[in-house]
Amino acid sequence: MEQHDIVIIGGGPAGLAAAIAARDEGAEDILIVERDHQLGGILNQCIHNGFGLHTFKEELTGPEYAQRFIDKVKEADIPCLLNTIVVDICHGNENESGTKIVTVMNKEQGMIQICAKAVILAMGCRERPRGALNIPGYRPAGIYSAGTAQHYVNIEGKMPGKEVVILGSGDIGLIMARRMTLEGAKVKVVAELMPYSGGLRRNIVQCLDDYGIPLKLSTTVIDIQGKERVEGVTLAKVDGRGKPIPGTEEQIPCDTLLLSVGLIPENELSSQAGVEMNPITNGPKVNESLETSVKGVFACGNVLHVHDLVDYVSQEAGMAGKQAARYVQKECESKNADRDISVVKEEQLRIQQNNMIIELKAEQGVRYTVPSIIHIDRMEDTQVVRFRVGGVYANAKIAVYAGETKMMELKKRIMAPGEMEQIQLKKDKLQELVEQNILTNQITIKVEE
Amino acid sequence: MKAMYDVLIIGAGVTGSAVARELSRYNLKIAVLERASDICEGTSKANSGIVHAGHDAKPGSLKAKLNVAGSQMMEALSKELDFSYRKNGSLVLCFDEAQKGALEKLYQQGIENGVKNLKVLTGDETRQLEPEISDTVVAALYAPEGGIVCPFGLTIALAENAAMNGVEFILNTEVKNIEKIGHEYQVIAEEYEPFVSQTDCNKGDGTPRGNRKEYEAQVVVNCAGVYADVFHNMVSEEKIHIIPRKGEYCLMDKNVGKLVDKTIFQLPTALGKGVLVTPTVHGNLLVGPSAEDVEDHEEISTTANGLSGILDKAALSVKQLSNRQTITSFAGLRAHEEKGDFVIGEVKGAEGFVDVAGIESPGLTCAPATGQYVADIVTKILGRTGEVKEKTDFIATRKGIPHISELSMEERQKLIRENPAYGNIICRCEMVTEGEIRDAIKGPIGAKTLDGVKRRTRAGMGRCQAGFCSPKTVAILAEELGVPEEQITKCGGASRFLYGDTK
Amino acid sequence: MENIEKVELTCINCPLGCALTVSKDAASGELIVTGNTCPRGADYARKEVTDPRRIVTSTVRVEGGTLPVVSVKTERDIPKGLIFEVMKAINSIQVNAPVHIGDVILADVCQTGVAVIATKNVCAYPERT
């Protein structure tokens, strides 16, 4: 059976950054498995600018951002299997405890089983389809998720429609409003169910306002007309609970409805592999090393939780790559038969003493945290904890509690569900709190107004 | 020039296809005329996919007779013709002590209809069998003979086998008039261009043009679903009236596909007819249908009330049903004849015109038996003027396209080695490969639309609902059919996806 | 800004989205920004009313490539009022594969002095042998 130290599933921004970081940390034997014919993932179709301000201090388009990482992967000579789909991840046999078997399939080699010491999940996410919203009406052609339309326009050079209504004001929806307009389509309106947009302010101004495209908040599609191709949609205002308000209906003729109504991490493989999931993020539960509930399986990028900026995906994936590399090294060491038993015992004792497991709890406006568990002994000096809030908060604080004690707070002028937030936990501070018996097993993060 | 046939069948749904398949055993020239761009485009594509055990129909009715017969044929047929079927059993839930009498009556009716192995269970016995059944259930009728079937798989298998045995399927062809001249029926139809040309798109509404076609046949079999009354009434003074009855459904993600194992019905209550919750043969969970009589024969839109209604009702049956698992919703029309039973037989005063009308539930279950029953009628009619001979070279079995995701490692490896396209995943939710999609397009009745590919392969039927795979499938269709991508449609007519190049 | 007394804008610098008002001091002719919470807002508003500029991203047809189009961008921002003219220029050209990131597709688009450059690598379609 083919063997690799680290198998990375997905060659998008997360997989690429994880591969580079793992190599930097000393992992020699890495394989990236990518289902598309090229690396770069969804960035290939995100041809707008605005990527990389944090990472490269300049504004790149999606394909340019991806290429910088692809070039590094090529320089590092990390092998990639393209046009290859992962069918299954399972545990290896008992003789090789801890190893995983990744089953992949492609045209050239058919079915291949790869034995891996560590696996990094970097499969990204998919768009929520119409069905998930249960939008009533007919089921004609002309209803696309915004990403599918983006693929048609930017990769295939084809127009999916001419008179467009967009439901959902997430960034992909806003970006596609501008893109379709520049290619000659008439974007009539962007409707948003929530009373606020899920997209970046800059995109609302530069993708909608610049082109006079109206954004209707607290509005949804309540009917789709057209038996073969879309002929129109009916919009209605919604109340505080998202229910349409009778009498506010407005019929809008159009041939296309684009949906930008949310992204869902693609975790079917993770679930099959027995990875425990977080029902809020739809991604795996991970610890400080971005390791899932299955030992040696790491996760990063949009498969873990949906990010707002690709720069954060790259950062996070870098951490997963580094930790996977360390994991592989440690596994090798512990298998080294020459080691003195007493040294191992001593080490185990030390681990027991220091291996304080802290659960991170999201409360009161904080929807989730990544990671959700921290082993203090294993954490870096500074641990980034990322999360999203559940509503729009102006002049609020992010408060972090160890038990009942507030250990830090962060003033925020504005927080919104569309943007990821983060706090940084210091290892020495946590250790200090543990010694003082203030921190026992839980850290709570909440919004205070 | 007129095309001459022994038998013309109107409608390529499950019933028309079953009739075609049974008649293809004989040395006859047969054609099926279908208005839509593909087979299985009407009632047959949007229903519960249930093989009813047969306790619902009134004893002595045609429905009762064909239901039990069809149900008993299904398993063997699924092996002969290679479509998905599972005898998972069904439960009719009773929520009220006062209703137990009605449950008992249903049991007796089943026995009278000839349904085997029926059993009345207590509430606890029911929950032992199906732990997710609601605590409010006090009793249930258990029918181990009940099953589930892929409605597309069944229809396509029957049609393809008929085609293999010489039946012509003439698609995109809508019958406009039927008239008896002498001993023959003259059938006037309009044939639509299968692909919308770019000029049509740019010129107007994109609706394809029609060309007049004429056919002649000794026997016409009317399997036109919700339009069966239209054709019947063209040849008969005794009018029938089909009422399209709309049913809305929610299809749920495979991760809740094992919530229940059996098909869960509800005993009709004062609140009306219940809805069913069932696993599908492909592992999803299906909830529905609503029941609403509609005027428009094309009214297959879903409604907010309809969808919330079925989810509310379904929640009575099973404990943990979450709306969040819905991946798509759809609606279908059932052809309800106002007298309540199937209308099958030679029309009085119109010799050689055979109705197969009012085929509502359990029409899918009945289809194999209906096919035989109708073939018998047709051969007798043809027998009046000449001998009808069985073919010696009838091909009784048919192999469907392989479903890679269902095969073992070794089987997959072998197929990929023979044809590398079986190693290229197009639809990643349902794990459908390029090879399967090409097979679907090249099949005996090849898919020409995205929906056609979907029904044959399941590409686009998964949780992302074709977001990722539709551009690829459209490209493969265009390549195989030798037309530009702009001409590929979702389901024929003006249902095209693309409006030309960006620049 | 010459003929307009007051312009209202939404600041794009952060999610706060301050509602900015730009007016002209009658005496000095200086631009006065109100509604901003930070200096970045004032800078943005002044620039936006005097010389609003945007980077345009789109695609250009490719002949003989593995992809039918290649993504492109204006190397720097161009006057906002010229967006559709720049699009017209971008739409009217076609390039031959291979194309590399940074290749100049149009040297001086609409006399802006700004080049349109490729943002993706597109290989030439392999020749049939």
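Let me see the P(r) profile for chain B: every Cα-Cα distance counted, bins of 10 Å, each bin given as a percent of all pairs.
With 10 Å bins starting at 0, P(r) equals 4, 19, 29, 27, 16, 5, 0, 0.
How large is log10 I(q)/I(0) at q = 0.12, 0.14, 0.20 Å⁻¹ when the Debye formula is applied to the Cα atoms of chain C, each weighted equally and without solvent?
After summing over all Cα pairs, the log10 values are -0.61, -0.73, -1.01.
As an exercise, find the ratio Rg/Rh for the stretch A:184-229 from alpha-carbon atoms, using the Kirkwood inverse-distance average for Rh. Walk me through the numbers before you get to the answer.
Working: Rg = 12.5 Å, Rh = 12.0 Å.
Answer for the stretch A:184-229: 1.04.
Name the trypsin sites (Lys or Arg not before Pro) in the stretch C:34-97 that are in a loop by DSSP and that have at most 13 other C-beta atoms within 10 Å, would you? Could the numbers behind the result be given before it?
Values: sites: C:40, C:46, C:47, C:53, C:54, C:61, C:73, C:76, C:80, C:88; in loops: C:76.
When the trypsin sites (Lys or Arg not before Pro) of the stretch C:34-97 are filtered for loop state and at most 13 Cβ neighbours within 10 Å, C:76 remain.
Within the set of other residues whose C-beta is less than 13 Å from the C-beta of residue A:312, count the net charge using Lys and Arg as +1 and Asp and Glu as -1. Mind dumping the intermediate values first?
On the way: positive: A:386, A:388; negative: A:308, A:311, A:316, A:419, A:421.
Value of the local net charge: -3.
Just round it to a whole percent: the fraction of Cα-Cα distances in chain A exceeding 42 Å.
Working: 20460 of 100576 pairs.
Counting every Cα pair in chain A, those more than 42 Å apart make up 20 percent.
Assuming 0.36 nm per residue, please report the length gained on full extension of the stretch residue A:330 to residue A:442 beyond their Cα-Cα distance. Provide the component values of the computation, followed by the final result.
Numbers: separation 112, 0.36 × 112 = 40.32 nm, distance 2.74 nm.
So the extension gain works out to 37.6 nm.
Semi-axes of the stretch A:365-435's equivalent ellipsoid from the Cα gyration tensor, sqrt of 5 times each eigenvalue, largest first, rounded to whole Å? Could you put the intermediate results ahead of the total?
Details: eigenvalues 111, 36, 19 Å².
Each semi-axis is the square root of five times an eigenvalue, giving 24, 13, 10 Å.
Give the residues of the stretch A:407-449 whose amide nitrogen is closer than 13 Å to a point set 7 Å from the Cα of residue A:363 in the direction of its Cβ.
Of the residues in the stretch A:407-449, A:407, A:441-448 have backbone N under 13 Å from the label point off residue A:363.
Along Cα→Cβ, 7 Å out, is where each label goes; now give me the distance between the ones at residue B:117 and residue B:403 in nm to one decimal.
2.1
Remind me, relative contact order of the stretch B:404-487 in percent, using alpha carbon pairs under 8 angstrom and six or more residues apart? Working shown, then result.
Details: 103 pairs, mean separation 20.0, N = 84.
Relative contact order of the stretch B:404-487: 24 percent.
Helix-only estimate, please: 222 nm mean residue ellipticity of chain A, summing -39500 (n - 2.57) across DSSP H runs of length 4 or more and dividing by its residues, to the nearest 500.
Values: 9 runs with 102 residues, N = 449.
Only helices count here, giving -7000 deg cm²/dmol.
Over all distinct Cα pairs, what is the inverse of the mean 1/r for the stretch B:112-166, reported as the Kirkwood hydrodynamic radius in Å? Walk me through the intermediate numbers first.
Working: mean 1/r = 0.0701 Å⁻¹.
By the Kirkwood definition, the hydrodynamic radius is 14.3 Å.
Quick one: compute a quarter of the convex hull surface over the Cα atoms of the stretch C:6-51 and quote it in nm². Display every interim value, and only then the final one.
Values: hull surface 11.7 nm².
For the stretch C:6-51, averaging the hull's shadow over all directions gives 2.9 nm².
Stokes-Einstein diffusion coefficient for the stretch C:57-118 at 10 °C in a medium of 1.306 mPa s, Rh from the Kirkwood formula over Cα pairs: what value in µm²/s? Working shown, then result.
Numbers: Rh = 11.6 Å.
Answer from the Stokes-Einstein relation: 137 µm²/s.
Write down, largest first, the equivalent ellipsoid semi-axes of the protein assembly as shown in whole Å, where each equals the square root of 5 times an eigenvalue of the alpha-carbon gyration tensor. Please report the intermediate quantities before stating the final value.
Numbers: eigenvalues 580, 265, 176 Å².
Calculated on Cα positions only, the semi-axes equal 54, 36, 30 Å.
Under the Kirkwood approximation for Rh and a Cα-based Rg, what ratio Rg/Rh is obtained for the stretch A:238-285?
Checking Rg against Rh, the ratio lands at 1.24.
If each DSSP helix of 4+ residues adds -39,500 (n - 2.57) and the sum is divided by the residues in chain B, what number results at 222 nm, nearest 500 deg cm²/dmol? Show your work: numbers first, answer last.
Details: 13 runs with 153 residues, N = 503.
Value at 222 nm, helices only: -9500 deg cm²/dmol.
Could you quote the convex hull projected area for the stretch B:303-415, Cα atoms only and averaged over all directions, in nm²?
Its average projected convex-hull area is 14.1 nm².
At a Förster distance of 25 Å, what's the computed FRET efficiency of residue A:3 paired with residue A:75, Cβ-Cβ distance as r, to 0.05?
Working: r = 24 Å, r/R0 = 0.96.
Here the calculated transfer efficiency is 0.55.
Where the eigenvalues come from the Cα gyration tensor of the stretch B:2-72, what are the semi-axes √(5λ) of the equivalent ellipsoid, largest first, in whole Å?
Details: eigenvalues 147, 55, 18 Å².
Here the semi-axes work out to 27, 17, 9 Å.
Write down Rg/Rh for the stretch B:404-487, rounded to two decimals, with Rg from the C-alpha atoms and Rh from the Kirkwood relation over Cα pairs. All intermediate terms of the calculation are to be shown ahead of the outcome.
Details: Rg = 12.3 Å, Rh = 12.8 Å.
That ratio equals 0.96.
Using alpha-carbon pairs under 8 Å, 6+ residues apart, how would you state the relative contact order of chain A in percent? Let's see the in-between values first.
Numbers: 1053 pairs, mean separation 67.2, N = 449.
Relative contact order here is 15 percent.
Checking the table B:87/B:399; B:119/B:246; A:188/C:47; A:406/A:427; B:65/B:380; A:237/B:246 against a 25 Å threshold on Cα-Cα, which pairs fail? Walk me through the numbers on the way to the answer.
Numbers: B:87/B:399 21 Å; B:119/B:246 31 Å; A:188/C:47 29 Å; A:406/A:427 16 Å; B:65/B:380 20 Å; A:237/B:246 28 Å.
Correct reply: B:119/B:246; A:188/C:47; A:237/B:246.
Label points 7 Å out from Cα along the Cβ direction at residue A:431 and residue B:58: separation in nm?
Output for this residue pair reads 8.5 nm.
Loop by DSSP (not H, G, I, E, B), at most 13 other beta-carbon atoms within 10 Å: where is the longest site-free stretch of chain B for GluC sites (Glu not before Pro)?
B:1-236
GluC sites (Glu not before Pro), restricted to the stretch A:212-297: which are DSSP loop and have at most 14 other Cβ atoms within 10 Å? Please report the intermediate quantities before stating the final value.
Values: sites: A:228, A:231, A:249, A:250, A:266, A:268, A:276, A:288, A:291; in loops: A:228, A:231, A:249, A:266, A:276, A:288.
Passing sites in the stretch A:212-297 are A:249, A:276.
How long, wide and thick is the stretch B:82-237, going by the Cα atoms along their three principal axes, in whole angstroms, largest first?
Per principal axis, max minus min of the Cα coordinates gives 64, 44, 33 Å.
Hey, for a label at residue B:341 modelled as a point 7 Å past Cα toward Cβ, could you say which residues of the stretch B:223-242 have their backbone N under 17 Å away?
Counting backbone N atoms under 17 Å from the label point, the list is B:240-241.
Read-outs throughout are calculated quantities, based only on the coordinates presented, and are distinct from any laboratory measurement. Please read these numbers as outputs of a predicted model, since none were measured by experiment. Because the Cβ atoms are built from the backbone with ideal geometry, glycine has one as well, and the counts that use them run over all protein chains shown.
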